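One structure below.
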Amino acid sequence: MISEGTRQKNRSALRTLLVAVCMFTAAIGAWSARADDTLYRGLGERVNLVRIIDYATDLWLIDARIKDTFDNLNIERFKGRLVDQLCELSGGPCRYAGRNMYESHKGLHLDRAQFNALVEGLQDGMDKYGVSFRVQNRLLAILAPMEHDIVTR
Amino acid sequence: MDKIVWAFLVVIVIGAGGALPAMAEDAALVVRPPDLTDSGKLLATGGVTQLEGAGGGGLVPWALITGYGTRDAIGANAHYTFVYLPQYILHSGGVAVGLFDRVELSYDRQAFDTRAAGVKLGLGSGFTFQQDILGAKVRLVGDAVYDQDSWLPQIAAGTQYKMNNQNAVIHAIGGRDSKGVDFYLAATKLFLSESLLINATIRETRANQFGILGFGGDKNNGYSTEFEGSATLLLSRQLAVGAEFRTKPDNLKFAKEGHAFDVFLAYFFNKNVSATLAFVALGDIATQRNQNGVYASLQVGF
């Protein structure tokens, strides 16, 4: 037989445990929410992404492998969209409102060398504006699978 | 044995067929004229050249196809590697081509100079074993670089046909053949968010000391399954540091054969030139103990 006192004690112990679990879960949640924007902060936040994309775009527009694919493109709008996209993907407080990667690139018939030319320009931009190599690779790891949608030939 | 060879050739031919669609593009869709020597891969993603001439690290063949050609192009390179050990010097030089990021073909010539140890071994000072290695590799599945959203590594199957020029000496030391074929399966995965490249290779081989001392022996004459692994940390676009481990058979009675290990630093000046410097521990070779030394390799190509 379990006495009423023991039962009460068990119940309060259970309540304490539940509270502890909730607090722990909340703490983990808060920690991971903070961890989620480490990449964004590592990239130097939106202001640095603007610099990086300005610089990278200048390189892309003179790169013989890809410059022609920027014809008929509103460059300023393109840069803004790309900054929004990288900001959102890296965990920053932005929303990318453009088309998906397949839709926005399918008409260009890009090959893999052209995709890599884009990567190299972005890497040069990140080098130029002080993003560490390890942080660069964390961003590129998110972008790399887009190759499947962007490269269509 | 013959069955293994045929099975492997079939795998390579079928895999090579995968390269054909890249060549048979719908011309109407092509915006950019095809550049067959595009050097379009990202820096370092062609790897360097391993000891037997295959694209890889220093000791281990990787699943990456050598050179900087993308799947729309070809890449090629030449390398020279020099391994300075306490009792021996190994020279390895050769050429390799990567076809459409699908097939790799390589030729390598190794010269193993026994220097003063040649006298102790009864071969004469400076006695040199030489072997020619024809290699083929085909990428079967996966992409080590782009498939960052998948756990599937890039997997390749390869073979190395080795011909040693010292048939009589090989038989005198208990070896069985001066020619041999290795088969391997390599899996390579770039963990880009960690800047880490991991490779694991399984090799079927009868080679004694990579084939320098022939194939098969008086202790064990059959094929052995060996494991080869590499871990490489990318420090920058140009610099990588890594370690490799390679198990080897122990087929000969006259001398114990152990495993090989190296730590390396690879520097990619650009897509045309790379240099690799390593410390190698090759263990005992032909009764000479602890052959630990320096490995230096230069590769040029596109």
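The values are calculated or read from the model by the stated rules, or taken from the named source; none is laboratory data. What you see is a predicted model; the values in this text were computed from it and never measured. Note: ideal-geometry Cβ built from the backbone for every residue, glycine included; neighbour counts use all protein chains shown. Side chains are part of the model used for accessible areas, which takes the heavy atoms of the whole protein and leaves out ligands, DNA and RNA. Shrake-Rupley method; radii C 1.70, N 1.55, O 1.52, S 1.80 Å.
See the values below:
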item: Shielding score for B:68-79, defined as the mean number of other chain Cβ atoms within 10 Å; result: 2
item: Total lysine pairs whose alpha carbons fall under 12 Å of each other in region B:115-271 (8 or more apart, or interchain); result: 4
item: Accessible solvent surface per residue of the protein assembly as shown, calculated while the other protein chains remain in place, 1.4 angstrom probe, Å²; result: 45
item: Cα centre as origin, Lys/Arg/Asp/Glu Cβ charges: the protein assembly as shown dipole, Debye; result: 1140
item: Heavy-atom accessible surface that A and B bury in contact, both chains counted, 1.4 Å, Å² to 100; result: 2500
item: Whole-Hz couplings from phi, Karplus 6.51/-1.76/1.60, listed for region B:101-110; x for Gly and Pro; result: 6, 10, 10, 10, 10, 9, 10, 9, 10, 10
item: For q = 0.07 Å⁻¹, Debye-computed log10 I/I(0) when each Cα of chain B counts as one equal scatterer; result: -0.26
item: Cα gyration tensor category, rounded, prolate or oblate, for the protein assembly as shown with a/c compared to 1.5; result: oblate
item: Highest-fluctuation residue, B:Thr225, B:Thr205, B:Thr276 considered, GNM on chain B with Cα pairs under 10 Å; result: B:Thr225
item: Leading residue at positive end of dipole, the protein assembly as shown (Cβ point charges), from B:Asn272, A:Gln123, A:Ser104; result: A:Gln123
item: Karplus-derived HN-Hα couplings along region B:192-197 (A = 6.51, B = -1.76, C = 1.60, θ = phi - 60°), whole Hz, x at Gly and Pro; result: 4, 5, 9, 6, 10, 10
item: Solvent-accessible ranking of B:Leu185, B:Leu99, largest area first, probe 1.4 Å; result: B:Leu185, B:Leu99
item: Volume of the Cα convex hull of region A:30-153, divided per residue and given in Å³; result: 102
item: Over chain B, relative contact order from alpha-carbon pairs under 8 Å, at least 6 apart, %; result: 15
item: For the protein assembly as shown, calculated [θ]222 nm from helices alone, where every DSSP H run of n ≥ 4 adds -39500 (n - 2.57); result: -9000 deg cm²/dmol
item: Nearest-10 value in Å² for the accessible area of B:Lys253, using the 1.4 Å probe; result: 140
item: For chain B, size of Cβ-based charge dipole, Lys and Arg +1, Asp and Glu -1, in debye; result: 740
item: Positive-end extreme of charge dipole, the protein assembly as shown - chosen from A:Asn137, B:Ala255, B:Gly214 (charges on Cβ); result: B:Ala255
